[in-house]
Structure formats: C-alpha cells, structure tokens
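The values are calculated or read from the model by the stated rules, or taken from the named source; none is laboratory data. Because the structure is a prediction, the values reported are computed rather than measured. Quick reminder, even Gly has a Cβ in these numbers, built from the backbone with ideal geometry, and neighbours come from all protein chains shown. Quick note on the areas: whole protein, heavy atoms, side chains included, nothing else; ligands and nucleic acids left out. Shrake-Rupley method; radii C 1.70, N 1.55, O 1.52, S 1.80 Å.
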Amino acid sequence: TTISFLAHMTHCLLGCLPAAALAPVASASAAAPTKPTAAAVSAPGEALQASVSCAFGKASVVFPLSIPASAALGLVAAASDKSEAWLAEPTGYTTPFTTEAGACSVRFALPRGVELPLGNYAVAVKPAGHSGYLPGLGNTKRHKDGSLGLEVVVLARADSDFRAVMYLPEEALVALWPCGHGGSLVRVVQPLLMKQLADCPGQWLRDRLLKLSSRVEDLYENHCSNHQDASGSLRKMLGAAGLRFNSLPQKSAVVGPADMGDRICRGELGYWQEEADMGNRCEGSMDGAQRRDVPDEIIASML
C-alpha cells in the first residue's frame, strides 16, 4: 500500500544518515526549555510546600476565642512593619495546661541571644515553604538552660465566610510546623500585651486568652488597610500561608478541646460559682489579685 511504501522509504533514508547527523536533533530536544515548577520559583533555600487542609470553624460558646478578619490582617501588618523576623525551631505542640483551657498551640525555640521580657505577645508566624504570615497569641518561657521558648496559639482557622478566625487545631499545626524539618520565621510585636504569671488553672487561662484576643482586636483592627473587603484579604493571607479550607459534615463539626470533656464537673462548677460571686473567674483582673487558688502574697512575688 501507499502508507507501507512511504514508511519503508523513510526507514531507509534515516538508516542511511550517520549517527552524528541525528545527534544534534536529540540534543536540541533535550535542551528545550521547560516551564518552571513551583519549587523553582520559591525563595532560595526554601522549597514550596503543599497546602494544608483545614475545616472551617466557628469558636464555641464554651470558649469563644476568635478575632475578626480586620484584626487578624492588622496584626500581621503591624508585625511586618514593627518587628524583626527570627528563625525559630518548632519543638512541640499543645501543653496539657493549654488543652485544659480549651485551645491548641505550637511551641518554638527562639534563637540564642534573643531577649524578651516574659509575658504575652501578639505574634505573626510564617510556616517554612510559604510566603504568608499567620496571627497568634504568644507566651514566652525561660528554660533551665537559659534559652527562650515561645508557645503560640495560632488564630488562623476561618469561619465559612472568612469574617473571623479562631485557633488552628493541632493536626493543622503539626502539618504546618513539623518538628525537625527546619525553622520558621516568627515576629513578636512589642511591647507585650500582658505580664507573665506562673501557671494558673486552665479555667483562668481560658479567661486570659479571651482577654488577650480582646486586646488584639482593640490594638490592631485599625491597622487593617482594607476594611471593605477584609474577608477577601483574609482568604488570600491564609492561602499564602499554606491553608486551604473545606466544610465538615454536620455531625462531625466539633471544634477543638473546649467542646470536649466534662464541662459540668465539680471543679468547673466551682469556677462558675466564683464568677457569680466576684464577676469573673480568678477575680478576672488578670493580675491574679484575690485568686482563690493562690494566696495574694505568692502572686505579689511573681509580679
């Protein structure tokens, strides 16, 4: 047939050509430019990481810890303008005390030589391999070897309308900041929000975190440059930091540790009674005065 004849002639012609004549064709094909991959356009020394899936979340009635989109954007903007970025190493996750309060956290080791007054700070943290920062509440801790640690409750779990963010669940924190896989950039905004106190009951920490989130809202909401489309800006900021969101089935929409466990136990009811008697749990002053669990003279020695 005509097709068979043409194929036979082509084979014969190619067979007559020397190997050197064919080499430039193969070489040109191998050297053809390729479209750069995502990793090729990432920052030097930092491979672009895959995004982390997280369900939408709305802060619970038990523990309504969240900040509006404008405050989250304003905190990150203020941190970028006013604070130095430190390379911090992830060392662990939620402490029992933070779990008791109802939140989740990631812990960092700050670089040697960094000095901060002990206390609570507004912070912004950037996962390795991503370009965006996430807002959070940080607490410093001095270790026995003299190094400084920072525990951060990352406020980056958006509701379905991207109008507010609550704390990220631990599985998202582990995925964004895996231990032993390099450091992440941390920005700590000074001055501190509140002074450091010794460990208190989880119910007291719950109140303190709510007080801190309220201060963040008051201090940083006006730093947001796009109030008209704060939700859209928040969506972009969270995406740049490696988060993508999805919905949960209605039956599994449980939000964090604060929605779990026995919340009408004797100890919890005791703190509710304290709130009824005094107006706030642990006297609510946040400086620890007149706390029922720790004498005033011990509190005074810690301040």
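Points to keep in mind about this one:
- Residues located in the stretch 106-125, provided they are crowded, with 24+ Cβ neighbours inside 10 Å and closer than 13 Å to LEU192 by Cα: TYR121, ALA122, VAL123
- Residue that is β-branched (Val, Ile, Thr), farther than 25 Å from ARG244 by Cβ and modelled with pLDDT of 50 or more, where the choices are THR91, THR2: THR91
- Some residue of the stretch 161-168 being of a type in the set (A, V, I, L, M), open to solvent by less than 10 Å² (accessible area, probe 1.4 Å), assigned to a loop (DSSP other than H, G, I, E, B) and in contact with a Lys or Arg (Cβ under 9 Å, 6 or more places away or on another chain): yes
- Verdict on ALA128 being open to solvent by less than 10 Å² (accessible area, probe 1.4 Å) and touching a residue at least 12 places away in the same chain (Cβ under 8 Å): no
- Scanning the stretch 195-209 for residues that are surrounded by fewer than 16 Cβ atoms within 10 Å (Cβ to Cβ) and either at pLDDT 85 or above or among the charged types (D, E, K, R) (or both) gives LYS195, ASP199.
Here's the yes/no breakdown for (1) within 24 Å of GLY202 (Cβ to Cβ); (2) not small (Gly, Ala, Ser):
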site: GLY74; (1), (2): no, no
site: PRO90; (1), (2): yes, yes
site: PRO96; (1), (2): yes, yes
site: ALA103; (1), (2): yes, no
site: VAL106; (1), (2): yes, yes
site: LYS126; (1), (2): no, yes
site: TYR133; (1), (2): no, yes
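- Any hit, the stretch 94-105, residues being touching a strand residue (DSSP E or B) at 6+ places or on another chain (Cβ under 8 Å) and open to solvent by 70 Å² or more (accessible area, probe 1.4 Å): no
- For the stretch 78-93, the set of residues classified as open to solvent by 40 Å² or more (accessible area, probe 1.4 Å) and more than 19 Å from TYR167 (Cα to Cα) consists of SER80, ASP81, LYS82, GLU84, LEU87, GLU89, listed by residue number.
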